[in-house]
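Undergrad: Starting off with a structure, shown below.
The values are calculated or read from the model by the stated rules, or taken from the named source; none is laboratory data. Since the structure is predicted, the reported quantities are computational estimates derived from the model, not experimental observations. All Cβ positions, glycine included, derive from the backbone under ideal geometry; neighbour counts span all protein chains shown.
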Amino acid sequence: MMGHTHMLIGAAAGAVWAVSQGWDTNFVVISAAGAAISAIVPDIDHPQGHIRQRMGILSGLLDWLPHRGITHSLAMLIWWALAMYLGTGDIRTAMPGILGYASHLIADMMTKSGIPLFLPFHAGRIYALPRLMRLRTAGISEQLIAGVAALLLLPYIDIGQISGVLTTVGGDMVRWYGDAVRLFIP
């Protein structure tokens, strides 16, 4: 899936988590933004990934990583969860970041390429859908998923508020969010 779709799905997961915890709107926005950023971290192994593009000269240090390799594994999700927990000191606060990363893995498991979920122990690709239902990256089904994720955000988040946060940290998120919403709301 494309980066903007991962960000929307992650943001929706973070927002739903925050609302389920009874957090106020400010924390919902922060949770959505944190989950959106975490949702693109697995693609640090892709030369065109959002984070990698912003690394400048340091980007070359990651050239050895194959796309959809170890960063798309359960082992890395566990590492990320530990990093989130140690960084926040509270599992509830760490959860949006964990959900963002996990949402990326689940979304990529729905594609035709799948992911090597059990690396480094098993390199086989794991899929969340039967062969005929697997999604093509950047296809209409991905756009529909992005639209649904965007709609999930609507009841919880003031668009202006999250746009400000994600414009600062997520670049093109606002444009992608608007595109996804326009799929469902003319």
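Undergrad: In this structure, is residue 39 in contact with a Ser or Thr (Cβ under 8 Å, 6 or more places away or on another chain), more than 19 Å from residue 117 (Cβ to Cβ) and of a type in the set (Gly, Ala, Ser)?
TA: So residue 39 does not fit the description; no.
Undergrad: When the residues of segment 52-74 are filtered to those that are among the small types (Gly, Ala, Ser) and over 16 Å from residue 39 (Cα atoms), which remaining residue is nearest to the chain's Cα centre (by Cα)?
TA: Among them, the one singled out is 59.
Undergrad: In segment 107-132, what residues are in contact (Cβ under 8 Å) with a residue 12 or more places away in the chain and either aliphatic (A, V, I, L, M) or not in a loop (DSSP other than H, G, I, E, B) (or both)?
TA: Listed by number, the residues that qualify are 107, 108, 109, 110, 111, 115, 117, 119, 126, 128, 129.
Undergrad: Counting only residues that are of a type outside the set (Lys, Arg) and outside any helix (DSSP H, G or I), how many does segment 67-76 have?
TA: Our first condition is that a residue be of a type outside the set (Lys, Arg); within segment 67-76, this holds for 67, 69-76.
Add one more test, that the residue is outside any helix (DSSP H, G or I), and what stays is 67, 69, 73.
Count: 3.
Undergrad: What number of residues in segment 44-58 are at pLDDT below 90 and in a helix (DSSP H, G or I)?
TA: Adding up the residues that qualify gives 7.
Undergrad: May I pose another question? I'm trying to understand the selection: among the residues of segment 66-102, which are under 17 Å from residue 121 (Cβ atoms) and in contact with a helix residue (DSSP H, G or I) (Cβ under 9 Å, 6 or more places away or on another chain)?
TA: 66, 68, 69, 70, 71, 72, 73, 74, 76, 77
Undergrad: What do you reckon, is residue 69 crowded, with 20+ Cβ neighbours inside 10 Å and within 20 Å of residue 83 (Cβ to Cβ)?
TA: No, not satisfied.
Undergrad: Next question. Count, please, the residues in segment 1-28 that happen to be over 15 Å from residue 84 (Cβ atoms), out of contact with any Phe, Trp or Tyr (no Cβ under 9 Å at 6 or more places or on another chain) and assigned to a helix (DSSP H, G or I).
TA: So the count comes out to 5.
Undergrad: Which one of these is of a type in the set (Phe, Trp, Tyr), outside any helix (DSSP H, G or I) and over 14 Å from residue 10 (Cβ atoms): 64, 79? Explain how you work it out, then say what you get.
TA: Values: 79 fails: outside any helix (DSSP H, G or I).
Exactly one residue qualifies, and that residue is 64.
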